[in-house]
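First up is the structure itself, then whatever we jot down about it.
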Amino acid sequence: MNNFELKDFDYKVSKRHAAERKIKFKNVSFLNFTNRFKNFLQKRLEKKLEKATNDAMNSKFNKFEMETTIDGKTIADRIMKSRTEKVAKIEEKLIILGRGKIEKRNYINTRAIKLKEEMMKYVRKTGRDIYSIPEEIKENMLNGTEKKEINDTKRVIDEETIKLQDNLKNIETNVNEEEITAVINQSLNNISLENDINVAETKQSVDKVFDEKEMEDSNYSLSDESAISPIKNIKPMEFPAFSPVSVIEKKLSEVDLNSDVFGNSPKIDSIPVTSEENNVEIESEEIEREMPIIAEERKINYYEKTKDDIKKYDSLMDELKDTKINDIETAERIRNELEKTENEIIENKNNLSEEEALMLEKEFEENKQEEIKEETSENISFDYSEATARDIDKAISVTKSPKDLKAMMERVRLLQEEEKRTQERAEQAEKQKKAKEQEFEETARKLQAYGDDLEQKCTINAEKEKQTLEEAKEWDQAINSMLQAMNSSSNIKDNNIKKK
Amino acid sequence: MENQEVEKKMMSIVTEDGSVEEVEVILAFEFKDTKKEYVIYTKNERDENDNITVYVSHVDRSSGEPNLLGIEDEEEWNRVKDVLRELSKPE
């Protein structure tokens with residue numbers, strides 16, 4: 001059944017818009033569930049670890065990064081540290097997934113520093129202005145790192161075992177050391193037997209096939225409050241906490257003072273007892289009969305003494321732990337601030353173009369040099385931007401170190417170049433301006449000419465119009481006079497007719 | 001020596017009435033054919049037989065933020081149950 005794939009769910013907040021479905025699982029099935037996901041996460045982390053390790057191993061630096069220091073560390077150092085930190089973070093997650101916990105506090109920083117130092121040790125010039133780890137060394141390191149990890153883990157386990165043994169040895173008692181070991185071993189055996197029984201039972205339940213009937217599902221309704229049972233803490237994956245002190249305490253607390261473990265006196269074949277009556281050797285059985293009270297006292301003394309020693313050990317560990325925690329927290333805070341600064345520098349560097357970055361770096365270098373110069377040259381402040389050659393000479397004569405001189409000369413050279421560039425730009429701008437002006441003038445002239453032409457045309461048209469009007473008037477007048485004449489002649493004709 | 005706890009994936013669920021629940025995400029998976037994503041989480045509820053209740057929701061990311069929706073379709077729900085059965089078997 002491969003129609004699905006697991007996903008890493010990485011959202012912290014989600015909104016629920018509809019009722020979810022719920023389903024019940026037996027504890028064992030649930031554990032299988034979680035183990036499956038754990039394995040999936042492990043594989044993903046392993047892939048990420050491989051990639052992060054390769055990124056760190058394939059780091060490339062230029063001369064500037066290798067030589068420029070900020071607060072005592074080179075830029076290359078800081079870049080490599082940020083990469084090894086990514087590696088260490090993934091390693092820590094893997095360890096937590098695998099072992100259930102991480103023993104060392106501040107694992108990431110310690111591991112990152114160690115890895116960084118290991119890698120920077122092998123960084124050398126591999127090309128023109130390229131510094132990196134050579135290929136043949138990379139392979140060796142990768143193989144060596146793996147083995148070293150395994151050895152480290154083994155070493156940690158061995159160290160813990162040795163510590164436990166030392167602790168056992170260091171406990172002072174009134175009883176023989178061998179007897180203590182024998183007693184503890186016996187109680188250990190008793191407890192391990194119980195565990196074996198539990199494991200057998202668990203194995204049986206795991207082998208049982210998951211039965212459909214055992215899986216219930218129901219539609220969950222928000223209004224059905226009775227369906228919600230009290231929340232209990234679940235620890236599907238529990239790994240026994242390993243601590244020599246806790247082991248000893250646990251073992252001792254489980255020892256029954258009334259049991260035969262402590263009840264039996266040491267097997268002593270005979271003890272020479274001097275008495276006033278006679279020098280007689282008393283057999284062991286007689287000793288047991290005669291000294292039950294002493295045996296009881298011995299039991300109690302042993303237990304109490306051990307408990308006291310354990311308490312002292314615990315309190316000492318607590319004190320050391322507190323001191324260490326304070327130191328580590330301070331160091332962590334400082335480290336975080338440094339990283340922020342470093343990350344800002346790297347981010348800014350990545351966002352700039354090459355030229356800008358180079359300029360900025362040089363500026364930074366210059367600023368740094370100026371600061372150094374100020375410290376060494378008795379508060380002389382000098383504004384290079386408006387310096388003349390004479391002023392620069394004067395300043396140079398005041399400085400004390402060749403480094404300052406070099407920096408200043410470099411600065412002067414840069415300023416001069418900048419000036420040249422600025423001048424060129426100004427000239428170019430001037431030329432463009434002139435060209436634009438000419439163009440403007442020409443356009444203005446053309447417009448003027450066009451305007452004049454239009455005006456002329458308008459005048460001519462106006463005159464023509466005027467002329468036409470006058471002619472029309474004249475025609476008008478002529479027609480009127482003709483009409484008048486015709487009227488008057490017709491009137492006369494009419495009058496003549498009437499008269500007749 | 002201090003021991004760091006096992007890393008648990010916690011999620012805050014904001015319900016429709018605005019209340020917030022903290023749940024532990026057990027796993028998430030996606031069907032290859034439909035590309036539908038589901039998340040399985042628990043509120044650590046156990047019954048008298050020590051059986052644990054897990055919740056299943058469909059994850060909708062169309063609006064950018066993840067929204068949890070119920071599974072309405074019975075066929076879809078049966079498919080999801082098949083996956084859960086498969087995952088609950090030992091590897």
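Looking only at other chains, what is the average number of their beta-carbon atoms within 10 angstrom of each beta-carbon in A:33-40?
5
Using alpha carbon coordinates only, what is the Rg to Rh ratio of segment A:26-117, with Rh defined as the Kirkwood radius?
Taking Rh as the inverse mean 1/r over Cα pairs, Rg/Rh reads 1.16.
Could you tell me which of the pairs A:Lys43/A:Lys81; A:Lys12/A:Lys138; A:Lys60/A:Lys89; A:Lys12/A:Lys116; A:Lys125/A:Lys362 are separated by over 27 angstrom between their Cα atoms in the structure shown?
On the way: A:Lys43/A:Lys81 25 Å; A:Lys12/A:Lys138 38 Å; A:Lys60/A:Lys89 22 Å; A:Lys12/A:Lys116 32 Å; A:Lys125/A:Lys362 22 Å.
As for pairs spanning more than 27 Å Cα to Cα, those are A:Lys12/A:Lys138; A:Lys12/A:Lys116.
As an exercise, take the mean of 1/r over every pair of distinct alpha carbons in segment A:405-469, invert it, and state the Kirkwood radius in angstroms.
Working: mean 1/r = 0.0596 Å⁻¹.
One decimal place: 16.8 Å for the Kirkwood radius.
May I have the count of lysine pairs in chain B with C-alpha atoms under 20 Å apart, counting pairs 8 or more residues apart or located on different chains?
Close lysine pairs found across chain B: 7.
For peptide B:62-73, compute the average count of partner chain beta-carbon atoms within 10 Å of each residue's beta-carbon.
Mean partner-chain Cβ count within 10 Å for B:62-73: 4.
Which of A:Ile70, B:Ile26 comes first, and how do the rest follow, when ranked by fewest Cβ neighbours within 10 Å?
Taking fewest neighbouring Cβ atoms as first place, the list is A:Ile70, B:Ile26.
Just how large is the dipole of segment A:1-91 about the Cα centre, in debye to the nearest 20, putting +1 at every Lys and Arg Cβ and -1 at every Asp and Glu Cβ?
For this selection, approximately 740 debye.
Loop only by DSSP, 15 or fewer other Cβ within 10 Å of the Cβ. Give me the chymotrypsin sites (Phe, Trp or Tyr not before Pro) in segment A:48-143 that pass, ordered by residue number.
Within segment A:48-143, the qualifying chymotrypsin sites (Phe, Trp or Tyr not before Pro) (loop, at most 15 other Cβ atoms within 10 Å) are A:Tyr122.
Pick from B:Asn51, B:Asn67, B:Asn78: which residue has the top mean-square fluctuation in a GNM of chain B where Cα pairs under 10 Å get a spring?
B:Asn51
About the Cα centre of chain B, what is the dipole size in debye to 20, counting +1 per Lys and Arg Cβ and -1 per Asp and Glu Cβ, all else neutral?
The calculation lands at about 340 debye.
Count neighbours as other Cβ atoms within 10 Å of each site's Cβ, and list the GluC sites (Glu not before Pro) in segment B:5-61 that are DSSP loop with at most 14 such neighbours.
B:Glu5, B:Glu7, B:Glu16, B:Glu48
Considering only DSSP states other than H, G, I, E and B, which trypsin sites (Lys or Arg not before Pro) in segment A:11-42 qualify as loop sites with at most 13 other Cβ atoms within 10 Å?
Those satisfying the criteria are A:Lys12.
What translational diffusion coefficient, in µm²/s and rounded to a whole number, does the Stokes-Einstein relation yield for segment B:27-87 at 20 °C and a viscosity of 1.002 mPa s, taking the hydrodynamic radius as the Kirkwood radius over Cα pairs?
168 µm²/s
So what's the Cα pair-distance distribution over segment A:440-500, bin width 5 Å, in %?
Result, from short to long distances: 4, 15, 9, 10, 8, 7, 9, 6, 7, 5, 5, 4, 3, 3, 2, 2, 1, 0 percent.
Read the figures in this text as sums done on the coordinates, not as results from a lab. Here the structure is a predicted model, which is why all the values come from computation and not from measurement. Positions of Cβ are backbone-derived with ideal geometry, glycine not excepted, and every protein chain shown enters the neighbour counts.
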